[in-house]
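Structure first, commentary second.
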Amino acid sequence: MRSRAKEIASVAKRIVDDVNSLSPEEQRRFLEEIAPELLVKESRPKEFGLPELEGAAEGVRMRIAPNPSGPLHLGHSRMAILNDEYVGRYGGVCICRFEDTDPARVDASAYDSIPEDLGWLGVAIHETVVQSDRFEDYYSVARQLLGAGHAYVCTCKPGDWRELKGSKKPCPHREAATSEQLSMFDKMFDGTFGQEEAALVVKTDLQHPNPALRDFAALRIDDTPHPRTGSRYRVYPLMNLSVAVDDHALSLTHVLRGKDHLNNTYRQEYIFDYMGWSKPKYVHYGRVSIQDAQLSTSRMAAGIADGRYSGWDDPQLGTLAALRRRGVMPEAIRRYWVEAGLKEVDIEFSWKTLYSFNKDIIDDSAGRYFFVDDPVGFLLLDFPDMTARAPLHPAHADRGSRDIRVSSGSSLYLSGSDVSRGERRLRLKDLCNVVVEGDALRYDGNDLAVLKEGVQIDHWAPQDAVPAEVLMPDGGVRKGLAEHGLSSAEGTVVQLERFGYARVEQTSPAIRCVFTHR
RNA sequence: GCUCCCGUAGUGUAGUCCGGUCAAUCAUUCCAGCCUUUCGAGCUGGACACCCGGGUUCGAAUCCCGGCGGGAGCACCA
């Protein structure tokens, strides 16, 4: 219909003109006769969260299809979460399918790290399939396509073949007889051809106006040893063959994928049609651009190799391992992607929004501690012996307090950035008021009314504070002093007051935290 | 060059299919006020959007046409 829009428009205009020549009353009367249901306006219930999936009422079978070339990162988490959300909503099965059909792009450790990452995300995997176990299935379908005249073995140079395609011309092998095709196909396996000397190509329509949809390669020869199958196989499927075969074999009902795969979907549909298979429903969502994050597997690997990054969980990286290490909760990531939905528009990722969601989750359980960055020591003058009773959490008095003893003649530390403000009077949080006298602090009572006069509150660290460092997402390290109590918070996410949230990763021999966000 | 997809506040989203209840939702962000102990916390309030131009209509975010803008694909990667 779309291609005949102009015709339709003129027909429609004629009809509309007819209808518009009637008065509103006549129109209504006429409509009551032919289609009274249209007079009743449907009320549309307001939808929350993800939109419904068409045809999902009976349950769904969906898949997450990672390429095992490295650990999962923030970008990958979107499809994992969305699939999991739908499987959870409608009931059904979520399959993890490793798409390892390019031997050069397989990192064996990813077969373990990806399920770990998915587990941490809270994504339930019911079945696992590895494509490199399934070569014979791909060969079998390829042979059927060949036998039915829907494919050919092409021995052109790839560039030549591409050029012919571009000008809508068949290559010399396209129309060869089926028997010849099948014997050429056998030769792909027996060593007759080297890499790029022969490929199986699926026929579509060489006259297709969309150049991306004219004949596509489906099987190729590659002598790179595969981490799982070694050199047992040298004929590898390209994604459009293996994905189509497996989506059918796994009886998927719905496929969620990025819209960069839109043309691949169309290509795969040719295979479904040729084989007489019924297709899953496809949903294409837009691209996400994630600023300020290193997500390129190859660049991350290079950075790890040259020491710029400490590993896949370096806080500078956008991997799930790094986010986990920093104290970002999987629930925050889930909420983010659910709110982003799966529209076809391209979107820009917002760290601020993710951090805000994460804060909602961690704030209630995060114990409060003093951490003084870039510490500057001050002598205490005229201090009575006193004990700061700083609440572990201001909203939960029942969790108790950090009791820190301070006495005259001892010293304490303020953060360099606070000192540089040059205030004369300060309130030490949860302790008392002071007057700054050079490199000393003189006790100035404990009346909270000074806050009304605009006196600032600073956090501090006592004389017996312990060294601590915080690894920052920009690769920096903030060194400072923390109150003793932080040593007992290992493994938890805390709020370093006025500094930000951080995960306490290690407390011995020294305290090391990884910064979460402000 | 060819093909396809998509344009609602800074960001994400609801509404678009089926025109009116939309001077447009919610979240985040930003700003202000409140709060006698942190906060970037909480509460209250505020700011900011229908890409542009025509058309149809009593009425257009919504339908039509034309622009403009953004993205993707045209791999023997996925």
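Would you confirm whether any residue within the range A:96-119 is closer than 21 Å to A:Ala57 by Cα, surrounded by fewer than 20 Cβ atoms within 10 Å (Cβ to Cβ), in contact with a strand residue (DSSP E or B) (Cβ under 8 Å, 6 or more places away or on another chain) and not assigned by TED's automatic domain parsing to the domain that holds A:Val255? No: the range A:96-119 contains no residue that is closer than 21 Å to A:Ala57 by Cα, surrounded by fewer than 20 Cβ atoms within 10 Å (Cβ to Cβ), in contact with a strand residue (DSSP E or B) (Cβ under 8 Å, 6 or more places away or on another chain) and not assigned by TED's automatic domain parsing to the domain that holds A:Val255.
Residues of the range A:418-434 that are aliphatic (A, V, I, L, M) and either within 14 Å of RNA strand B (Cβ to nearest atom) or not assigned by TED's automatic domain parsing to the domain that holds A:Gly454 (or both): A:Leu426, A:Leu428, A:Leu431, A:Val434. Just one of the listed residues (A:Gly491, A:Gly475, A:Gly500) is among the small types (Gly, Ala, Ser), within 11 Å of RNA strand B (Cβ to nearest atom) and within 30 Å of the chain's Cα centre (by Cα), and it is A:Gly500.
For the range A:249-268, a residue qualifies if it is surrounded by 17 or more Cβ atoms within 10 Å (Cβ to Cβ), closer than 19 Å to A:Ala151 by Cα and free of Cβ contacts under 8 Å to residues at least 60 places away in the same chain, and the qualifying residues are A:Asn264, A:Thr265, A:Tyr266, A:Gln268. Between A:Arg97, A:Arg78, the distinction of being within 13 Å of RNA strand B (Cβ to nearest atom) and assigned to a helix (DSSP H, G or I) belongs to A:Arg78 only. Against the numbered list (1) closer than 30 Å to A:Gly438 by Cα; (2) of a type outside the set (Val, Ile, Thr); (3) within 9 Å of RNA strand B (Cβ to nearest atom); (4) not in a strand (DSSP E or B), A:Gly409 comes up short only at (3). When the range A:435-446 is limited to residues that are outside any strand (DSSP E or B) and surrounded by 12 or more Cβ atoms within 10 Å (Cβ to Cβ), the one that is farthest from RNA strand B (Cβ to nearest atom) turns out to be A:Asp444. Per the listing A:Ala461, A:Ala468, the residue uniquely touching a helix residue (DSSP H, G or I) at 6+ places or on another chain (Cβ under 9 Å), in the same structural domain as A:Arg425 (by TED's automatic domain parsing) and surrounded by 17 or more Cβ atoms within 10 Å (Cβ to Cβ) is A:Ala468. Residues considered: A:Ala177, A:Ala108. Of these, the only one that is free of Cβ contacts under 8 Å to residues at least 40 places away in the same chain and more than 13 Å from RNA strand B (Cβ to nearest atom) is A:Ala177. If you scan the range A:342-358, which residues turn out to be within 18 Å of A:Gln294 (Cα to Cα), more than 6 Å from RNA strand B (Cβ to nearest atom) and in contact with a helix residue (DSSP H, G or I) (Cβ under 9 Å, 6 or more places away or on another chain)? Those that are within 18 Å of A:Gln294 (Cα to Cα), more than 6 Å from RNA strand B (Cβ to nearest atom) and in contact with a helix residue (DSSP H, G or I) (Cβ under 9 Å, 6 or more places away or on another chain): A:Phe349, A:Leu354, A:Tyr355. Kindly establish whether A:Val245 is more than 22 Å from A:Ile347 (Cβ to Cβ), of a type in the set (A, V, I, L, M, F, W, C) and either assigned by TED's automatic domain parsing to the domain that holds A:Ala80 or crowded, with 19+ Cβ neighbours inside 10 Å (or both). So A:Val245 passes the test.
The values are calculated or read from the model by the stated rules, or taken from the named source; none is laboratory data. Remember, it's a predicted structure, so these values are computed and weren't measured experimentally. Glycine gets a Cβ as well: all are built from the backbone with ideal geometry, and neighbour counts include every protein chain shown.
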